[in-house]
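Notes follow once the structure below has been shown.
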Amino acid sequence: MSILDPYILHTVKRPAVVMQKGESVYLYDENNKKYLDGIGGWAVTSLGHCDLDLNDALINQAKQLWNASPYFLNRPMLNMSEFLCKKTGFDKVFFCSTGAEANESAIKLARKYGQKFKNSAYKIITFKQSFHGRTLACMSASGKEKWRALYEPKVPGFTHIEANNMDQLKRAIDSDTVAIMLEPIQGEGGVHEFDASFLKALDHLCKKENVLKIFDEVQTGIGRTGTFCAYEWTGVKPDILTLGKGIGGGFPLAAMMTHEKLDIFEAGDQGATYSAQPLGMAVGLEVCKKVGNQGFLQKVLETGEYFKKSLESLKFFGKIENIRGRGLMLAFEVPDKAPELMQLCLEKGLILNACDARTIRLIPPLIFEKKHVDEAVAILKEALSELS
Ligand SMILES: *Cc1c(COP(=O)(O)O)cnc(C)c1O
């Protein structure tokens, strides 16, 4: 607790800054201090802050219909579902509000499949350092070391193995295994990408053993890595895909997508009060149309490459290593100094995220341009020089 937030339940250590306004890739606090946003609301504000088209979509829909209950269809939900399915090649979508909720849906769907088609198999294999959200089942699925002892007992049925370790995967699969769940690039875990060869082998094994593949693309999806979804460059298409964060451009929206053969929920098995509410559908469709444009995605790739190259130049100013990532999901390491660097940059007007003591993550709005990269790198240069 600080003097600023006496009524807010403590869950996170926050800086003493009150944000007031957002515009494009910048945030402004109540003192009108300007910040370059290198995290985009945590990979959420994919089109930057207060994008005019998104504002229009939201306001026009707000004048028309907010909520008719999830019992009724609404036109924006029909439009958005058609767009997403045609864009991705998946057949079916379930909408919800948060990434954790989308992952819960995926876990339930996998268990339903096990019950119906695989002798009640229910186990799901996930990976160390993975992050799948904060509901109890999603925390149980997550491989975050810090959560291991938290909120026991966990939801049973999850096994955590090392990423890219085929031997462990083969040993972990048994007749009760119904799914493997992974982030193509682990986000909260520090931007670690799965090897293409491992994913190929995993795909092969899943087909052989009748095990479903769930890709949690809550962070990597919707243009973040330079393709509409990350599975496109992995060469492996999941049976179940979850989306969140960037899909709403800042509006709470998430989705689970799957194929026709997994359209197996019975009425009442799954649902949500805010499932496919019109406001989110209207905004989400606008986000997906803009991000799904080939020229837009190409630019994300180019800006990402430019960002990586520019980060290399920082090696003259401080000890930085392991620059990595794809598109605009990047990270680098500053051994033991990440939180300090994050703090210093914040003071200088650049928002970054330190995932741990050594890792800095960059997940800016997808509309970042080279000039914004230059601006970020200039501040980083200054901060790194002061640190060393
Ligand atoms: C953020 C995140 C989630 C959780 O999303 P919420 O909207 O916070 O529930 C799940 N999986 C991944 C990969 C994420 O990055």
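From the list LYS146, LYS154, which one is free of Cβ contacts under 8 Å to residues at least 60 places away in the same chain, within 28 Å of LYS245 (Cα to Cα), among the basic types (Lys, Arg) and in a helix (DSSP H, G or I)? Outline the logic, then answer.
Numbers: LYS154 fails: in a helix (DSSP H, G or I).
Selected residue: LYS146, the only one of LYS146, LYS154 that is free of Cβ contacts under 8 Å to residues at least 60 places away in the same chain, within 28 Å of LYS245 (Cα to Cα), among the basic types (Lys, Arg) and in a helix (DSSP H, G or I).
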When (1) open to solvent by less than 70 Å² (accessible area, probe 1.4 Å); (2) away from the ligand (no atom under 15 Å from the Cβ) are applied to ASN293, the one that fails is (1)
Flagged in segment 129-143 as touching a residue at least 60 places away in the same chain (Cβ under 8 Å) and open to solvent by 10 Å² or more (accessible area, probe 1.4 Å), in numbering order, are GLN129
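Can you give me the number of residues within segment 16-41 that are assigned to a loop (DSSP other than H, G, I, E, B) and in contact (Cβ under 8 Å) with a residue 60 or more places away in the chain?
Taking segment 16-41 as the starting set, the residues that turn out to be assigned to a loop (DSSP other than H, G, I, E, B) are 16-18, 25, 30-33, 38-39.
Now drop any that are not in contact (Cβ under 8 Å) with a residue 60 or more places away in the chain, which leaves 17, 25, 33, 38-39.
Here the count works out to 5.
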Flagged in segment 157-185 as in a loop (DSSP other than H, G, I, E, B), open to solvent by less than 20 Å² (accessible area, probe 1.4 Å) and under 25 Å from ALA357 (Cα atoms), in numbering order, are GLU183, PRO184
Inside segment 308-321, the number of residues satisfying the requirement of being surrounded by 14 or more Cβ atoms within 10 Å (Cβ to Cβ) and either touching a strand residue (DSSP E or B) at 6+ places or on another chain (Cβ under 6 Å) or small (Gly, Ala, Ser) (or both) is 5
Here is a check on your reading of the model: is PRO365 assigned to a loop (DSSP other than H, G, I, E, B) and within 20 Å of the chain's Cα centre (by Cα)? yes
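The values are calculated or read from the model by the stated rules, or taken from the named source; none is laboratory data. All of these numbers come straight from a predicted model, not from anything done at the bench. Ideal geometry is used to build each Cβ from the backbone, glycine not excepted, and the neighbour counts take in all protein chains shown. The accessibility values were calculated without ligands, DNA or RNA, using every heavy atom of the protein model including side chains. Shrake-Rupley method; radii C 1.70, N 1.55, O 1.52, S 1.80 Å.
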